[in-house]
1. Just check the range B:12-141 against the gyration tensor rule for me: Cα atoms, a ≥ b ≥ c as the square roots of the eigenvalues, rounded for a/c under 1.5, and otherwise prolate or oblate depending on whether a/b exceeds b/c.
2. Determine the alpha carbon to alpha carbon distance for each of A:144/B:285; B:285/B:332; A:23/B:285; A:139/B:110 and list only those over 25 Å.
3. Which of B:243, B:314, B:271 moves most in a GNM of chain B, Cα contacts under 10 Å?
4. Rounded, prolate or oblate: which one fits the range B:11-82, using the alpha carbon gyration tensor with axes a ≥ b ≥ c (rounded when a/c is under 1.5, else prolate when a/b beats b/c, else oblate)?
5. In the neighborhood of residue A:20, defined by Cβ-to-Cβ distances under 12 Å, what is the net charge if each Lys or Arg adds +1 and each Asp or Glu adds -1?
6. Share of antiparallel DSSP beta bridges in chain B, in percent to the nearest 5?
7. At a threshold of 8 angstrom on Cα-Cα distance, excluding pairs fewer than six apart, so keeping six or more, what relative contact order does the range B:125-267 reach in percent?
8. How many angstrom lie between the Cα centre of the range A:5-28 and the Cα centre of the range B:36-95?
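The values are calculated or read from the model by the stated rules, or taken from the named source; none is laboratory data. Bear in mind the structure is a predicted one, so any value in this text is a computation, not a measurement. A quick note on method: Cβ atoms are made from the backbone with ideal geometry, for glycine too, and the neighbour counts reach across all protein chains shown. Just so you know, the surface numbers come from the protein's heavy atoms only, side chains and all, with ligands and any DNA or RNA stripped out. Shrake-Rupley method; radii C 1.70, N 1.55, O 1.52, S 1.80 Å.
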Amino acid sequence: MPPMLSSDATLSRRQRWLSVLAKAPADRLEALWRTLRATPSYTVLRRPEIGLVMLQGRISGSGAPFAAGEMTVTRAAVRLESGQMGVGYIGGRHPRQAEIVAAIDALGQLPEWQRQLEEQILTPLEQEAEARRRGRAAKAAATKVDFFTVAREAGT
Amino acid sequence: MYVAVKGGETAIAHSLELLADRRRGSRDLAELTLDQIDQQLALAVDRVMTEGSCYDRSLAALAIKQARGDLIEAIFLLRAYRTTLPRFGHSEPIDTSRMVAERRISSTFKDVPGGQVLGPTFDYTHRLLDFSLAANGERPAAPTAPVDATRDLPRVGDILEREGMLEPPPANVGGPTQDITRDPLTLPAERPVRLQNLARGDEGFLLALGYSTQRGYGNNHPFVGEIRFGAVPVSFVPEELGFPIEIAEIDVTECDMVNQFAGSHDVPPQFTRGYGLAFGHAERKAMAMALVDRALRAEELSEAVTSPAQDEEFVLAHSDNVEASGFVQHLKLPHYVDFQSELVIVRTLRAEVEARRQQTALDQAAE
């Protein structure tokens, strides 16, 4: 496999897990993290820190961007003894979650951990997120309007 | 003149304790939790996040609890808190076409692709007080229906735009987006700056201005092209990573208003647009914002600027309820010295008038 392709694939995998972990409920992620056994120790490079990100909207949804208002964000960074650096950025104020995301991000860079993270953490979180999404969409779908036309008598 | 300005420390301390006591209310009742406020006063939370200009449901709930339900005070608390936090950067523009919509309506097309989805709305309630809520608010879960496999929810605006019937929104102008929390507002303001100001603006103020345009003070003949409410992902590029990740999913309300067309001898007529965006479910705010956004485009669209809603300086300088409430309420601060000086002036003037009156009376008696 050409190296470029390999790094692209790595990048998009990392992008996916960072997004799945960030959007997970904080307590659920912590519970799943606790099910992992013998996780290697790590050094905290950046203690969980709460800050703001300015959210941008677009004029009429698709035009020029504008500053729509901020949101709170928590970030953290850790390093494994083997050198892998993990980063966590999550919406909201959840210091513990940001650190766990960073730790999982670092672990995910070790090939021997990838399968376990996938099965024990990422797949369940994705399935739960999809179930929540479908649950909300199903209630909305029940409020979709079925129009019917009251036809007039023909020939008038 | 020396005027004592010290004193009142004990009275102030006791006032703060009385405030906390009144906030708690009767100790016979359970204390409100932040989760209860978040879940059961959700639209108050949405308003505080929108006008506080900070998306964080639990912070907004805390602010509402601390402010005893005074939403403008809660907005002030949230604005004050945000100034204590560092800024990590700005998100990628949120893409509302990727919304998992809980509500989506158009009043311009009945058969809009994706359908009219009413979602949770007060529109069809009869506005009769429901006394069953006073006894017991328990309700069964809402009914469900199969979800379409296609998640695509095309924008009504895009459909009209393709036909050339609707003006496209101004494209990305490049360069960083201006931010009035960083650089003070200057006039005339570009449309993105105006939209930031309106997004933070007081709902009541914008509602009244939007209403004024409908009543003829700068009318621009609006239709709701589309209102949608639901969850959108937030993408952010952390400096350490250099690639975007989704850091959250947030609820937003969007209103794309289709307005009176413009054209000329050479330019074929097109409908024009106004835009509104709010955090959470806040469609009255989003609609009012869209009406005012459109009204403020009067000069750009060569319309006569005759009404308050079209006056950029008037609207943008008075939309912020934290500023407005601060300036109105500062009148409660001691103005003893100012008032003393005015008293002296008025007393002097009154004495002068009295002296003139007596002099006139004397003159008349002498004649």
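1. In terms of gyration-tensor shape, oblate.
2. Numbers: A:144/B:285 23 Å; B:285/B:332 30 Å; A:23/B:285 27 Å; A:139/B:110 21 Å.
In this structure, B:285/B:332; A:23/B:285 lie more than 25 Å apart at Cα.
3. Among B:243, B:314, B:271, the largest mean-square fluctuation in the Gaussian network model of chain B belongs to B:243.
4. Oblate is the answer for the range B:11-82, as a/c is 1.5 or above yet b/c matches or exceeds a/b.
5. Numbers: positive: A:13, A:14, A:16, A:23, A:28; negative: A:105, A:118, A:126, A:128, A:130, B:246, B:249.
Summing Lys/Arg as +1 and Asp/Glu as -1 gives -2.
6. Numbers: 29 of 30 bridges.
Roughly 95 percent of the DSSP beta bridges within chain B come out antiparallel.
7. Details: 95 pairs, mean separation 24.1, N = 143.
It comes to 17 percent, rounded to a whole number.
8. Using only Cα atoms, the two centres lie 28 Å from each other.
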